[in-house]
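Any read-out appearing in this document is the output of simple, stated calculations on the displayed coordinates, not a laboratory observation. Quantities reported herein were computed from a predicted structural model and do not represent experimental measurements. Here the Cβ positions follow ideal geometry from the backbone for every residue, glycine too, while neighbour counts run over all protein chains shown.
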Amino acid sequence: MVLDADGGGETMACVDTTLAVELSTAIELRRATVPSPPFKGLMERASLDADSIVRFRANDTIWRPEDVPDRILVIATGWAYRFHRLQEGSRQVLRFLIPGDVTPITTVVGDDEPLGFGVRAVTDLTAYSLEASRFRKLMFSSPKQRDALLHELCEQIRDLENRVTDLGLRSSPSRVARLLLDIEARLSARGLSVGHSFRFPVRQEDFARALGLTPVHANRTLVQMRRKGCIEYRRGVMTLLDMPALERLASEVTVTFAR
């Protein structure tokens with residue numbers, strides 16, 4: 001994502017292109033001092049119980065809306081996003097998926113209907129693949145694991161509700177701030193953000209799709225935030241410089257309705 005005044009640039013994705021880097025990253029994630037609260041220990045269990053390791057290239061479609069998956073993927077390295085596709089082909093990005101995320105999470109609870117949404121790789125991606133029935137047994141093997149799954153489902157519902165509110169009531173700066181804060185919090189919980197700095201390989205077009213903005217508008221908003229000292233983006237790394245300012249911006253509601 002190139003922060004330029006014209007808004008014409010796209011991200012130069014930081015992609016792990018060698019198997020050695022992929023495995024090193026996966027090991028680093030499993031050793032993270034602050035594992036993901038919803039699925040603590042899941043990465044290590046998945047690496048031991050997985051039937052296979054699958055790899056996707058950037059921009060590959062991992063799941064299609066009409067798919068009825070019988071397998072679960074646990075992302076080890078790389079990013080993806082969940083999306084809705086309209087009939088004319090446009091996509092609304094629903095959620096960015098990061099290392100440690102499970103996809104499709106609806107299959108975990110035994111849903112055998114078509115997904116209704118798709119999943120697409122943002123970068124080269126490596127994931128542990130498990131049969132859905134085997135993964136469900138893993139997740140329901142203890143009350144703690146079961147409660148963790150329910151917690152994650154509730155968090156994702158809450159996140160979607162927040163995105164709807166953002167699209168309906170918040171300004172573009174507020175939407176950008178909220179999304180960046182949300183992503184940083186998720187990465188931090190998994191030991192993948194240090195000092196509010198994290199790798200951010202999202203293309204400008206996909207970032208805009210998640211916000212309900214045009215790529216030019218999204219980019220101009222990022223440029224303004226950079227000039228105000230709120231953020232910095234350099235060589236594929238996003239740094240949230242002024243957290244209090246971003247939090248204030250994220251809480252603003254600017255749309256009002258006539259009574």
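Computed from phi, the 3J(HN,Hα) profile of the range 116-123 under the Karplus parametrisation 6.51, -1.76, 1.60 (θ = phi - 60°) reads x, 9, x, 10, 10, 6, 7, 10 Hz, with x in place of Gly and Pro.
Between Glu205 and Phe140, the FRET efficiency from the beta-carbon distance, with R0 = 35 Å, is close to 0.35. Near the amide H of Phe140, within less than 5 Å, lie no amide hydrogens of residues on another chain or at least 5 residues away, with H placed in the peptide plane.
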